[in-house]
Amino acid sequence: NASQQGPTMSVGTQRGSISFANALLWLTVAWNVIEGVIAVLAGLAAGSVALVGFGLDSFIEVTAAVILLWRLRLPAHDERVEQRERRAHQVVGATFILLVVYIFAQTAYVLATGNEPESSTVGFVLAAVSLVVMPAVGLTKRWNAARIGSRALVAESTETLVCSYLSLTLFIGLGANAAFGWWWADLLAALAMVPWIAKEGIEGLRGESCEGEEC
């Protein structure tokens, strides 16, 4: 809600900041689509639970960014915003829960069948690049959201920053598998993603979203 910004921001600056916010959201969508496709394909090829889970999470983040893009197109006082946003959060939350189920199911399958995940150079490079890109984009989003005075944009920027944690766990898991042959590190990396994903899923099903200082 741009109207929360202090009176010192000119109309031109405010519009520029909102346009910049839209550009950053579109960048998030484009990056996560590319990241998700690469991660899922590379994960399936290597039998990596962590890599496929990371890719599926990227597609969920695309949904979240698109929701906010849609919201920015509506007036802040529009009565439809809150109801539709709550429903959208519930859909995204259900998707997160399904992702948790997938991670547990695939982990159990790998342990039961003994199909050890292979190392993935593509996945390792993707995780390394994501570790650089996502924090930079997230911090830029937060800076711009503070200028606008939008709690929704601040919350979305926090989500981008937290996703860096998933990149880090993936980087460690794939790196350990490639360097030391610790195939089980891939499973540990996937399971390490579960607490955050489950938390987001539960909040989404309740129609909740962290905003402002709550994040």
Could you look through segment 64-94, keep only residues that are open to solvent by less than 60 Å² (accessible area, probe 1.4 Å) and β-branched (Val, Ile, Thr), and pick out the one that is modelled with the highest pLDDT?
Ile67
Looking at segment 161-190 only, could you name the residues that are of a type in the set (A, V, I, L, M), open to solvent by 20 Å² or more (accessible area, probe 1.4 Å) and touching a helix residue (DSSP H, G or I) at 6+ places or on another chain (Cβ under 7 Å)?
Leu161, Val162, Leu168, Ile172, Ala178, Leu188
Residues in segment 96-114: is at least one farther than 26 Å from Glu203 by Cα, open to solvent by 70 Å² or more (accessible area, probe 1.4 Å), part of a helix (DSSP H, G or I) and touching a helix residue (DSSP H, G or I) at 6+ places or on another chain (Cβ under 9 Å)?
yes
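The values are calculated or read from the model by the stated rules, or taken from the named source; none is laboratory data. Since we're looking at a predicted model, the values are computed, not measured. No Cβ is skipped: glycine too gets one built from the backbone with ideal geometry, and neighbour counts run over all protein chains shown. Side chains are part of the model used for accessible areas, which takes the heavy atoms of the whole protein and leaves out ligands, DNA and RNA. Shrake-Rupley method; radii C 1.70, N 1.55, O 1.52, S 1.80 Å.
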